[in-house]
Structure formats: C-alpha cells, structure tokens
There are 2 protein chains.
Amino acid sequence: MISQQLKAHFQIKSREQLCNPTTMASNGDTNRDAFRQLVVNTLERRLFYVPSFKIYGGVAGLYDYGPPGCAVKANVLAFWRQHFVLEENMLEVDCPCVTPEIVLKASGHVDKFTDLMVKDEKTGACYRADHLLKDFCKDKLEKDVNMAAEKAAELKHVLAVLDDLSAEELGEKIKEYAIVAPDTKNSLSDPYPFNLMFQTSIGPSGLSPGFMRPETAQGIFVNFKDLYYYNGNKLPFAAAQIGQAFRNEISPRQGLLRVREFTLAEIEHFVDPDDKSHPKFSDVSTLEFLMFPREEQVSGQPAKRTCLGEAVSKGTVNNETLGYFIGRVYLFLTYLGIDRDRLRFRQHLANEMAHYAADCWDAEIECSFGWIECVGIADRSAYDLRAHTDKSGVPLVAHEKFAEPREVEKLVIAPVKKELGLAFKGDQRMVCEALEAMSEKEAMEMKANLESKGEVVFNVCTLAKDVMIKKNMVAISKEIKKEHQRVFTPSVIEPSFGIGRIIYCLYEHSFYTRPSKTGDEQLNVFRFPPLVAPIKCTVFPLVQNQEYEEVAKHIAHSLTAAGISYKIDITGTSIGKRYARTDELGVPFAITVDSTSSVTIRERDSKVQIRVDVQEVASVVKEVTEGQSTWNDMLSKYNAPSVPDDE
Amino acid sequence: MISQQLKAHFQIKSREQLCNPTTMASNGDTNRDAFRQLVVNTLERRLFYVPSFKIYGGVAGLYDYGPPGCAVKANVLAFWRQHFVLEENMLEVDCPCVTPEIVLKASGHVDKFTDLMVKDEKTGACYRADHLLKDFCKDKLEKDVNMAAEKAAELKHVLAVLDDLSAEELGEKIKEYAIVAPDTKNSLSDPYPFNLMFQTSIGPSGLSPGFMRPETAQGIFVNFKDLYYYNGNKLPFAAAQIGQAFRNEISPRQGLLRVREFTLAEIEHFVDPDDKSHPKFSDVSTLEFLMFPREEQVSGQPAKRTCLGEAVSKGTVNNETLGYFIGRVYLFLTYLGIDRDRLRFRQHLANEMAHYAADCWDAEIECSFGWIECVGIADRSAYDLRAHTDKSGVPLVAHEKFAEPREVEKLVIAPVKKELGLAFKGDQRMVCEALEAMSEKEAMEMKANLESKGEVVFNVCTLAKDVMIKKNMVAISKEIKKEHQRVFTPSVIEPSFGIGRIIYCLYEHSFYTRPSKTGDEQLNVFRFPPLVAPIKCTVFPLVQNQEYEEVAKHIAHSLTAAGISYKIDITGTSIGKRYARTDELGVPFAITVDSTSSVTIRERDSKVQIRVDVQEVASVVKEVTEGQSTWNDMLSKYNAPSVPDDE
C-alpha cells in the first residue's frame, strides 16, 4: 500500500530533511504533500487510524483509532493526567456529552457557534464560504503570473482579513470574484450562518432540545459551586475534564486536524482576579522557547526564542498563572516528543480575542499543513461564571473571609415607613423602594436639600410621578460598617488541549525513513519516546524452535506481570523484517531470544543491542520505559555490542 | 445534609447488617430504601456524583462524576485495561459516537431498539408502558390484602411474562386494569414503540441522518477486516473498546443504574465456530461462584455455588471461551471489591435470548434495587458480522489455510456457450445463468435425463418461460477438487460491561457505618481496595505548625514523584474529624505528621497505625497501594502500635 514512487522520491534526501517539513518549505507544497502522504499511508496501513465506517463508504470528519493509535492516545491522556491533574491536585470531573439547550444558550453557543455557509444553488451541496474565498485567492496568487501588483495586493489583503469578514462582506467578495461551486460550477447562495452543534432531542416528548457538547468546559462551569465547596471554599483551584466534544463541520478536511468528533482535555483554573500570581511559577520561569507576541506579528517580525520569566515580568504575558500554564504546556508537549523548533506560543491579536478575555496564547505546532493550533491557553476573566449566574440565577461566586473585619464607609438610606405611609398611603412601598435605590450622588444631594430646604421634589419612576419628600420621611447618612468578607466572581484561566491534533502533529514529528540493509528500499520509523510508544517492546525468537519459544513465552509472562505492553512474533520471518515491522509502529525496544539463558535488547533508533539475562529482561525494559533509567545507563551497565549483521 | 434520623435508624444494627442489604430483606423494602438513601446522600454530598446541570434544574438520567467518582471510574477503567486488554493482548480501538444510519440499520437498532411508550392523552407526558403495568401489579399485590387468590395469581403471571408482551397485549392489560397516567390520572394512549437512540443529522445538508451509538460494539464489527489483517489473519483474537453510549430512556429512574449516557467497556472475541476451546481455560476452571442456569430458574431453585470447570464440561455453559470470560469477569468484579456473595452469573432463558445467540450469561450484582445486570457475556455466533456483510457487500470472513490441500467433491456445471448462443440468441446469458444456479439435486436430475432422453424441458424463471436444453448445451459432472482453505464467518463472544452500574453496586457493597469515638454519631466509610480508592492517602500535620507543614509538603512531593494520589489537609480540625472526613471518601491510608523524623500511617478499616521514617513513607504507601506488599506485611515489618486515643 505504500507507493514505491513516493518512497523513491525521498531516497535521495537525508533523514533530517525527511522528518522536518520546515526545511522542505523551499521545495514548495509538493514535498510537504508527498511527506504527508507517506506518513498518512503508514498510519492508515498500520491502523493508527482509519476513516470510520469504511465498509459503508465512510463519513467525512470521523475517524477510528486502531490498536496502536488507541494505545498512543491512552498514553498521552495518562501522561496528561499525571502532568496536570495529579501534579497540581486538580479536581477532575466527568460530565455527559448530551447537554440541554439552556446551558449552551447561556454560554453563547446556541447563538454564536456558527460558520458561514454557502449552498450550490442547484444541488444543495454545502461549502464554508471563507474556505471558497481563501482557495480562490490562494489559487489566483499562485497561478496567475501576469496579475497586476495592485490586484495581488488586494487578494493578499482579503486573505489577511478573511476571519473578520461579515456574511455580507463575504457574499460581496464571492459575487465580485464570480466564485462558483467547485464541484459543479453552479452559482452559490448568499452566505448564512450554520450552527456547528449536533442537535438532538432529550427524552421522548420532543419538547426538550439538546446538543452534543461542542467543548467540555461548560460541565465544569455549571458545577463551580460544588467544586468550590469540595475545595474547602478556597481559591485558587483547578478543575479538569477529559472527554468527547462534537462539531458538525460543514466540510471537514485536513484529516485528523478538523474532525466532527474529538477528544478534548480542558482545565479551568479559578483564581482571584486581584491576585493572579502563582506559587510554582519559579519552576518554569527560566524556560526558553519560541514566543510570538501580538506586537511581533503585527510588525511582521518572526517568533523569537524568549525566556518565559521575562515575558511575564515585561507584561507580554498578562499574569503569572497564565505564564505558569504556558510553561507547563511547553513541557508537556516536548516530553511527548513534539519538536521544540516546530512549537511556538502565539498570542491572539486584539481582533481574535473575545472582548472579555484578558489574554490568550495558542500553542501552535508546525506540521505539513502549516502552523496548527493545538492548545489554547486563555485568561477568560469572569465571563463564563457570570453568564451562568445570570441565566440560572444561582450565584457562582467566591468569598474571601477577612482575617479581621474591615471598616468600609457605606451609604445608609433609611426611609421612615410610618411617615411615608401617612403621606402616600398605597404608594408607600414604591416611594420607599425608589428612595432606597438612589445612587450615592442622588442621596447626598437629597440629604443636603432636606437639610437646607426641609423638603424636596422626588421623581418616583415606578409611579411615573413626582412626590414631595420631607425631612422626617427619610434618614440619609454615611456610616462606617464592618465587613467580614469580600464576594466576587473568580477569573478563569483555561488551557484547552485538542488531543487528536497533538497526536497527529506528534506522528509527523516522530516519522523518518532510513535505508534497508540492502539499500533497495526505505524503511519507516516512528521515533516515539517510550512514554508514548503504543507497545513498549517486542519479543522475537531468533529462529523457530520450541526452546526459544518457551523462553519467549516466559519473558512475555514476566512483561505482563510488570505491566509492560508487548507484541510477540514467532513467525519465521527474517529478524530484519521483524525489526522493520515494529520500527514502523514505533516500538522502542526489541527482545530477541537467541539462547535460553540470555537475550538481546535492541534500541529502535540507534539499532544498538545489549545482552541481558532472561531473568532480568522485564525489569530492564520496565526501567527504561518508565524513565527510572536511560538507555545510556543500560549501555554502560551491559557492555553494548555493535549493530548486528542482519540489519 | 445527612439526615440524622436516617443515621439513628442504623445505629442499632451491626456493621454486617448495614452493609449487606440481603440480610435486610426480611425487614422489607423500607430498610433497603433507607440504606440506599444514606449511601446516595453520602455519594452526592462528597461529589462522587451529582445530577448534571443542577443549577438549571437538572436533566433526568444524566449525571456528573465529581472528583472522587471520576477517580474511581479512571481506576476501574485502568484495571479493566490491565486485566483484559493487556493480559490477553486485545486490540483496543476507539470509534466515534456519531454513527450514520446505515450502520445501525444493518445492526437492527433502527428497527428494533425500541421501548413501548404510552402518552398521557391530555398533557402528552410519556411513560414506559411496561413500567406502568408492573407498578400497578406490584402495588395491587402489596396493598390489596383481600384480593382473591385467582386474581393474585393472574397479576403474578403478568409480572412474570411482562417482558414478552406485545404492544397490543400491553395495551389490552392497561385498558383492562383501567391504568391511568400516574401524575394526572388522565387516560393513556395505546402503547407504541419509541426508538431509544438519540437522533441527529450529520453535516449541514440535513440529508444524512445519524445517531449517537447505543453501544460501542458496532465500531468493532465494521472494522473486522482490518483488525483480522492486523492480527496476521489469525483467529482467535479479541478487540476491545471503552467509550460513551447513549440511550434516550423514556423515563429514567433508579439513579446511576438507568441513565441516558453511560460508559461501556466491550470486548468482541472472534473465534472459529468449529473450535471454541480456550488455551487459558485451565487458569479459571477451578473457580467456584454462584451460577444460576436456565433449568434452576425455570424449576424455581436458587442460584448455586458451582465449579466453573464442571459447568463447562457438563455443557451448562456452552463452550470454553464463554466459560473463560465468565471466570475472568468474576475475578475482575471481586478484585474491585464486589461482594462474592452478592454476585451471580445468570443464564438467559430461552425467550430472553436472541434467536442467533448460542448462549448468554449476565453477571448480576445484588444491590438495594435488587439483582442488577452489570455485565453481559454472550456467544452471539456469526450474527453481527453476517449482518454487516449483507448490508455493506464487504465479506467479513476468516480463512483457514489448510496445511495440505484437501480433496472435496464438487458439482461442476459447464454451459456450452456456443451451442446456447446458437439456440437462444439474446436469451443466451439468462439461460446460462439459470443453468449455473441449479442446486445439486436439480443438476443431477438434468444430467440423468439428458443421458437417457438427450433433451429436457427447463424453466428459466428470469425469462418466465420454458426452454429445451439438449445434451450438447451443458456438461454436468462431479469432480474431486483440491481446496487450499476454508472460508467462514467467525463467531463472536461478547463480554459487555456497564461501568456505571458496576461502580454504583461497588459503592453500595463498600459502604458501612461505625460509631464515632464518643458514640454520639455514626461515621460513614467506603472500604474501597487501594486499587479502586479515589485517593490513595492523606497527609495531615497533627497540629498546625510550620515544621510539620514542611514535612507534610516534603512527603506530598515524594508521593507525587511516586505517582500516588493524595490529599493534604493542613486545617486545624481535630485529627479524628480529619480521619472521618477521608474515611468517607474511602481513602485507605492516612499519614499523620507528628514529628520531623518519622510519621504514622493509619489503615482505614482497622484504624491500626504503623510508624515509618519520613524518607520511607512514600515507598511504603506505593507498595501497599500497588499490591507489591499487603498491609499485614507492613504490620509485621513495622511493629504496629494499637489504635490511638484520638479516634
């Protein structure tokens, strides 16, 4: 299934060129596409992932993870739990995907979670309006070599502002450029918003609309009160959730990068808006990596290697907590095997950011599709909790108890109900409420007037008339009051991880090819770290023989007991072919049984082998895969022989 | 939030009675309900789970798992992966929840996955028809003490055959008994089928209906071909999947036991229908546990403690592979902490089982709601793969290559196209096909007739006429052919786990109360094994003091490094209260810092403490929670002091 032509295409290139599409940029998009095709072919052939429901022709934007992909995903999620949830003592929750309309009405998704769509006026086929315009502009710029400079500038401008265009503006451009349906050349409808949520109905009555959640975060927000209580009514704390999310994309493309169902891992870190410092910030402040602040983007400068501590102290990153998570995300991604030179943190431009957000950075990873947003890290201020407070009527707030009561000057308006009752009879309540509702300024004016004139005209808007207030009807004063606590809506800092996107980029960053021993073909390798590798080791009897198979089974048994996943291959295939087969799955270690007392362990990338006692082999593999020792430690411990002949 | 009344109710009972609702059966349903209420109150108050979207009034049948519930679930699933996937080298896959209609049409869900519903004729409120009839009969039997024996027998019969009643029969009974809507007393509609799948639409056109999957199994079946290839085209092998499933229940009740969204863990073990032996069956054949075969149920006998090996050899359990999984499920559930005396394997009655199923057993766990099906273990024969083969046209089959070609007698029908063409012109192809389609019997009759008479009248149904076939137009013979392989549809044995149900039963089986030191209140405890416990240990400085807090933080750090989840509590609350608080979360070990050099570790259920060096404490907790050592090993190693005064 691998195209030999494609492989031949790469044979002249070095490993470094192959695995790094950035260095291929000068060769144009063709090489990127060919590289991607090679990776994707390998992934699909080895069942890392396949289009879902293939025997029925598949469904765009839905993919199955086969055994190795499923194992990689489980490993990434287990590490996410370890690195974030356990390390920070986060409160993990697990909420349903089916969500009633009111929750997503409050969050804004029912009204605003849309993409602009156009329809083929004859067939009814649907397209994303911005995609069509983008494709048109890019295509023109690429192919129309005689284009006037002015026209080229215009198209480039359209590409730059594409995300900001309204439905009307998009429609005008589509008309102006005479863009038609790509499949039929029929004319297109005007753009109109299409809600990206999968809609359904909860219960049998048909009267309770619901949606499949487009993100997991809302499940955390609606539980804020309980979680805050669970945390002993103390801030800051973080809640986390891993789960499926759903977006009914208009026309999914880009494989695993834009899908209709995906796994999100989200953190909502709740913090006092007046104190966004972080006690562990110093753990990450010396990290240096590519950052791409707003100013650099606007002024056309490239992303620069930056010290995180400086970015926070200079105010480039809004606060320490946001900075802390940026640092932790950097560590998470690079531990997984993401290439640090193809990872950058890009700040949202002012027009990209929601009006309520304090600051927002995306962890972007470069792959053959370009720079892809894989993690968003946003300081969303108090927006989400306020939205649900307003809609539900349940106050989602925090309390800060003062160590000692604090004295606060407070306006006190005390209507004298008896006098008001005598004067206004049935209107007494309305007048009373109007007096109490005065602003400080109004009240102090009234106080001054009452003191100087004895009475004052007062408009009661709920009665739609003026009344005369006399000095004996209300007492207005400023008092020093003692307050025992402060009540406020916490800010939320939200790191949100698109697990499928991270995994796809990891596949591209981990892939390389190397020539076979005979040099007549290129072999595929995924250089996953043991943490990520779908299977930690293989067990091969060197030749088919009952004695060796017994040893292999004994080793397999001890690996299971040690909790190490393995694959046993007792086929008579040549050892070189068996190595190649598992290199392509990214298995880091291969145990070859060539005697009954000791065996060899071969490391995938260096192909170097060490010889180890049968009784020790499981614990050696456990140590190097779980990180207690490195492969180099083992090399010095077990006198490494060189790469054997058969590779 | 705990009702003191409820607690008082239990104070006179022993721990054994409390935690075992079976022994309470004699006290009637009231005690069961009270016990359940106490457990559920504790679970909700400590955020094991809460109704979803509570601030908006909640949605029936949807629940959130809060931090401890989420951790318990993650632990159960991790152990499931270890016990099944890793141990058996299963192929784990991960498929989307959104499923196109055609897949669920093939599986039968679109047509048959229904419950019978009745509507309140005035308000439109919906009810499950069988639930209303069941409630009516139970209520009558309980409350109508003067009922005639004949009437009582009739109602009991209705309850017994409830699951087999058709829509018409249910409707007749509802009319006959004059059953009305329970909330309004309005009359009810006739029962009609309501499909339990959540429906949605895939893509923007509205032309591709889809459903949220009602089970995860179909994702495995449609991938059979790829998985078989991945497994080296060898049988048997098992695929597994953990994921969300959705059922739009008409009127969910029974808390976590009947919900609209839940986590399933399913295994599809594919096996040659001619050989269902299992190489590892001997590992489980000596296990003894409660089995409840069809015969015992029908003849009114109770479930009996049975040796699994005997049940298989006697044919009570259909085959070794099915038996192997029953044994593994037993081990799985009891390792988790399910009480072996409240766990039974019940065989489906003939009328419960699908016509295609070879045998089917449910692991049922007894809780306050009665015996609940938590795992289904079915031999579904070739049904599912055949259904998808038929619908998709893609053969989902296995091949058995013979070591040596086998000789098979085969009928050969060879039409002589030239002669047929001359005789029948344009009809030649139809005649040809009709000849080739003859059964062995028809062909051998024709052969005899052609040999004796030279010609024969032959009906070509596709032409709707008779034609005259002559001897020179077709050669019919039986030949000995060599076959190199057998092609067949594998059988599938499917253990399917309702994770939420297992967890709920585990909560009930793990719960008990014990008096506080002063004896004036009952304290709640969950006796989770360390494997399941949401948090493995707590760290408490005995008194608030900076030195102890430093030690506590040091220990916390070493626990994180060891991958052990913990909770640190530096409040000044009394140590007894802090123990009680975490007993209620089922935390098995508490570390109390009462000096800077050594600390105590207290075991939850015995309350016994040992004294351990600060440097050793993390590794001691790791050993006992991960099962390398038992608590008793630690007791003998560290000279245990008695239960301290403060409890």
Cα gyration tensor category, rounded, prolate or oblate, for the range B:489-544 with a/c compared to 1.5
oblate
Per residue of the range A:382-395, in order, report the coupling 6.51 cos²θ - 1.76 cosθ + 1.60 (Karplus, θ = phi - 60°) as ³J(HN,Hα) in whole Hz, putting x for Gly and Pro.
9, 3, 5, 5, 5, 4, 6, 4, 4, 6, 8, x, 9, x
At A:GLU455, label 7 Å along Cα→Cβ: distances to the other copies, nm, ascending?
13.0
I want to check the label-to-label distance for B:ASP111 and B:THR123. Put each point 7 Å from Cα in the C-beta direction and report it in nm to one decimal.
3.7 nm
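Evaluate peptide A:69-82: per residue, the Cβ atoms of other protein chains within 10 Å of its Cβ; return the mean as an integer. All intermediate terms of the calculation are to be shown ahead of the outcome.
Details: counts 3, 10, 5, 0, 2, 7, 0, 0, 1, 3, 0, 0, 4, 2.
Whole-number average of other-chain Cβ neighbours for A:69-82 is 3.
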I'd like the FRET efficiency for A:SER166 and A:LEU635, computed as 1/(1 + (r/R0)^6) with the beta carbon distance as r and R0 of 60 Å, rounded to 0.05.
0.45
HN-Hα couplings for the range B:475-486 via Karplus (6.51, -1.76, 1.60; θ = phi - 60°), in whole Hz with x for Gly/Pro, come out as 10, 10, 8, 10, 10, 8, 10, 8, 10, 9, 7, 10
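Most exposed first by the Cβ proxy, i.e. fewest other Cβ within 10 Å, how do A:LEU188, B:LEU322, A:LEU542 rank?
Working: A:LEU188 22, B:LEU322 26, A:LEU542 16.
Fewest to most other Cβ atoms nearby, the residues stand as A:LEU542, A:LEU188, B:LEU322.
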What is the set of long-range amide H partners of B:CYS367 at a cut-off below 5 Å, with H atoms built 1.01 Å from backbone N?
B:ILE372
Give me the angle, in degrees from 0 to 90, between the Cα long axis of helix A:167-176 and the longest principal axis of the Cα atoms of chain A, rounded to the nearest 10.
60 degrees
For A:GLU626 and B:VAL298, what is the calculated FRET efficiency with R₀ set at 51 Å and r taken between the beta-carbons, to the nearest 0.05?
0.45
Please find, among residues of chain B, the one with the beta carbon closest to the rotation axis relating it to chain A, distance in whole Å.
B:THR200, 3
Once the piece of chain linking B:LYS175 and B:LYS607 is laid out straight, how much longer is it, given 0.36 nm per residue of separation minus the C-alpha distance between them?
149.6 nm
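Going by how many other beta carbons lie within 10 Å of each one, how would you line up B:VAL551, A:VAL72, fewest first?
Details: B:VAL551 23, A:VAL72 26.
Starting with the residue having the fewest Cβ neighbours, the order is B:VAL551, A:VAL72.
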Given the Cα-Cα distance of B:GLU142 and B:THR334 and 0.36 nm per residue of separation, how much length would full extension add, in nm?
65.6 nm
Please compute the length gained on full extension between A:ASN186 and A:LYS481, using 0.36 nm multiplied by the number of residues separating them and subtracting their Cα-Cα distance.
98.9 nm
Kindly state, to the nearest 0.05, the FRET efficiency for A:ALA350 paired with A:GLU288, given R0 = 35 Å and r defined as their beta-carbon distance.
0.85
Order of B:CYS70, A:CYS126, A:CYS461 - criterion: other Cβ atoms within 10 Å of each residue's Cβ, fewest first:
A:CYS461, A:CYS126, B:CYS70
Per-residue HN-Hα couplings for the range B:602-614 [Karplus 6.51, -1.76, 1.60; θ = phi - 60°; Hz; x = Gly/Pro]
10, 8, 4, 7, 7, 6, 6, 10, 10, 10, 9, 4, 3
Quick one: go through the range A:582-621 and flag any residue whose amide nitrogen is under 20 Å from the point 7 Å out along the Cα-to-Cβ line of A:HIS557.
A:591-600, A:613-621
Structure shown: which of A:LYS73/A:LYS234; B:LYS441/B:LYS481; B:LYS234/B:LYS622; A:LYS401/B:LYS622; A:LYS234/A:LYS481 lie over 30 Å apart, alpha-carbon to alpha-carbon?
A:LYS73/A:LYS234; B:LYS234/B:LYS622; A:LYS401/B:LYS622
Search the structure for amide H atoms under 5 Å from the amide H of B:LEU91, placed 1.01 Å from N in the peptide plane, and list their residues when 5 or more places away or on another chain.
B:ALA238, B:ALA239, B:ALA240
Calculated from DSSP H runs of 4 or more alone, at -39500 (n - 2.57) each and per residue, what is the 222 nm mean residue ellipticity of chain A, nearest 500?
-10500 deg cm²/dmol
Distance (nanometres) between label positions extended 7 Å along Cα→Cβ at A:ASP341 and A:ALA78
3.2 nm
For the range B:264-326 and the range B:580-632, distance of Cα centres in Å:
40 Å
Using only Cα atoms, find the angle between the long axis of helix A:129-143 and the longest principal axis of chain A, and express it within 0 to 90 degrees, rounded to the nearest 10.
50 degrees
How far, in nm to one decimal, is A:LEU542 from itself in the other copies if the label point is set 7 angstrom along Cα toward Cβ? Shortest first, please.
6.2
Measuring from a point 7 Å out along Cα→Cβ, what nm distances, shortest first, does B:ALA403 have to its partners in the other copies?
8.4
For A:SER598, which sequence-distant residues (separation of 5 or more, or a different chain) have an amide H within less than 5 Å of its own amide H, given hydrogens modelled in the peptide plane?
A:VAL614
I want the local charge near B:TYR56. Using Cβ-Cβ distances under 11 Å, sum +1 for each Lys or Arg and -1 for each Asp or Glu among the other residues.
+2
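Only the coordinates and a few stated rules stand behind these numbers; no lab work does. Since we're looking at a predicted model, the values are computed, not measured. Neighbour counts run over all protein chains shown; Cβ positions are idealised from the backbone, glycine included.
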